[in-house]
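Notes to accompany the following structure.
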Amino acid sequence: MAGNPWGYRRGPLEVVKMYMDSDTAAVVVPGDFVVAVTAGYVGSAAADGTPIGVAMSGGADPSADGAAEVLVSIHPDAVYEYPADTGTVTQALCNTTMDIGGAQSIDIDASTDDVIQVIEVNTDRNSLFVKLIPTRAGVV
């Protein structure tokens, strides 16, 4: 079985253990953008999510909050590669910010959340090399 073609590519790694939310419908797989689901617990991102990191390990949907864990890369200088959710990647996307298109894609047509910084593109693979723009939720 081949590995996931998307996710971490290069740069500094800071990997932390995070606990999964029990309401997470999808299993988290390596390369998924990870988001806060409920206070203190994480899950796999959906389109327009605000990622807090990228999964470096998988985690099953737990029966209770915190009953499963996932390793998450959170370093702001780590570089990841993802495909466009729709459309064609061009050089004009470099040095711009945009949104995620789902757990493992970039929405190259949206700039509402601006949580992704494009640093390089690969037009042959229709993919983007990106960094996360750290965005954290407040406690209240």
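Restricting to strands (runs of 3 or more DSSP E) lying wholly in region 1-74: which have 1 or more residues that are touching a residue at least 60 places away in the same chain (Cβ under 8 Å)?
Counting at least 1 such residues, we get 7-10, 33-38, 53-55, 69-73.
Name the residue, out of 127, 105, that is under 19 Å from residue 50 (Cβ atoms), of a type outside the set (D, E, K, R) and at pLDDT 95 or above.
Working: 127 fails: under 19 Å from residue 50 (Cβ atoms).
Of 127, 105, the one residue that is under 19 Å from residue 50 (Cβ atoms), of a type outside the set (D, E, K, R) and at pLDDT 95 or above is 105.
Quick one: would you say residue 118 is within 19 Å of residue 132 (Cβ to Cβ) and touching a helix residue (DSSP H, G or I) at 6+ places or on another chain (Cβ under 8 Å)?
Judged against the criteria, residue 118 is a match.
Only one of 113, 85 is surrounded by 15 or more Cβ atoms within 10 Å (Cβ to Cβ), at pLDDT 95 or above, over 17 Å from residue 9 (Cα atoms) and under 14 Å from the mean Cα position of the chain (by Cα). Can you tell me which?
None of the others qualify; the one that does is 85.
Only one of (1) modelled with pLDDT of 95 or more; (2) under 19 Å from residue 17 (Cβ atoms); (3) within 11 Å of the chain's Cα centre (by Cα) fails for residue 75. Which number is that?
(3)
If a residue must be closer than 15 Å to residue 35 by Cα, part of a loop (DSSP other than H, G, I, E, B) and of a type outside the set (S, T, N, Q), how many such residues does region 115-138 contain?
Adding up the residues that qualify gives 6.
What is the one condition in (1) under 19 Å from residue 31 (Cβ atoms); (2) in contact (Cβ under 8 Å) with a residue 60 or more places away in the chain that residue 121 does not satisfy?
The one condition residue 121 does not meet is (2).
The values are calculated or read from the model by the stated rules, or taken from the named source; none is laboratory data. These figures come from a predicted structure and were not determined experimentally. As a convention, Cβ positions derive from the backbone with ideal geometry for all residues, glycine included, and neighbour counts pool all protein chains shown.
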